[in-house]
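Let me begin by presenting the structure, written as structure tokens, before commenting on it.
Computed from the coordinates by the stated procedures, all read-outs in this text should not be read as laboratory data. Quick caveat, the model's predicted, so the values are computed rather than measured. FYI the Cβ positions are ideal-geometry reconstructions off the backbone, even for glycines, and counts take in every protein chain you see.
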Amino acid sequence: MATQLNIHDAKMHLSRLIERACAGEEVVIAKAGKPMVRLAPVEQAPTGRRFGALRGKARVDDAFFEPLPEDELKAWE
């Protein structure tokens, strides 16, 4: 069941409303009794690396395994 509050009440209890929305409760903010917005948590992007994320997007051909030219090898020294 959704909780509906007018803007004035939502301002006074914003911290509590955020906690309730993050807990999965639907919170609706209304203006003069007319629903205007729905308060919802932001989905967090997964952190860290995912193995195989570039599969099929990058290619390594045989030239990758050939020795570097002398001038490029010297630049790395």
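With θ set to phi - 60°, apply the Karplus curve 6.51 cos²θ - 1.76 cosθ + 1.60 along the range 20-28 and write out the HN-Hα couplings as whole Hz, x wherever there is a Gly or Pro.
5, 5, 5, 7, x, 7, 7, 10, 10
Under 28 Å Cα-Cα from LYS34, which lysines qualify once same-chain neighbours fewer than 8 residues away are excluded?
The qualifying lysines are LYS11.
Just ALA40, ALA30, ALA58 to compare: in a GNM of the chain, with alpha carbon springs under 10 Å, which one fluctuates most?
Of ALA40, ALA30, ALA58, the most mobile in the Gaussian network model is ALA58.
Among the chymotrypsin sites (Phe, Trp or Tyr not before Pro) within the chain, which fall in a DSSP loop and have no more than 10 other Cβ atoms within 10 Å of their own Cβ?
Taking the chain and a limit of 10 other Cβ atoms within 10 Å, the loop chymotrypsin sites (Phe, Trp or Tyr not before Pro) found are PHE51, TRP76.
What is the ratio of the Cα radius of gyration of the chain to 2.2 N^0.38 Å, with N the residue count, to two decimals?
Relative to the rule-of-thumb radius for its length, the chain sits at 2.37.
Report, by chain and number, residues whose modeled amide H sits under 5 Å from the one on ASN6, excluding near sequence neighbours (fewer than 5 apart, same chain).
Under 5 Å from the amide H of ASN6 lie the amide H atoms of ALA30, each far enough along the sequence or on another chain.
When only DSSP loop residues count, what GluC sites (Glu not before Pro) in the range 1-72 have their Cβ near at most 14 other Cβ atoms within 10 Å?
Listed in order of number, the matching sites are GLU25, GLU26, GLU43.
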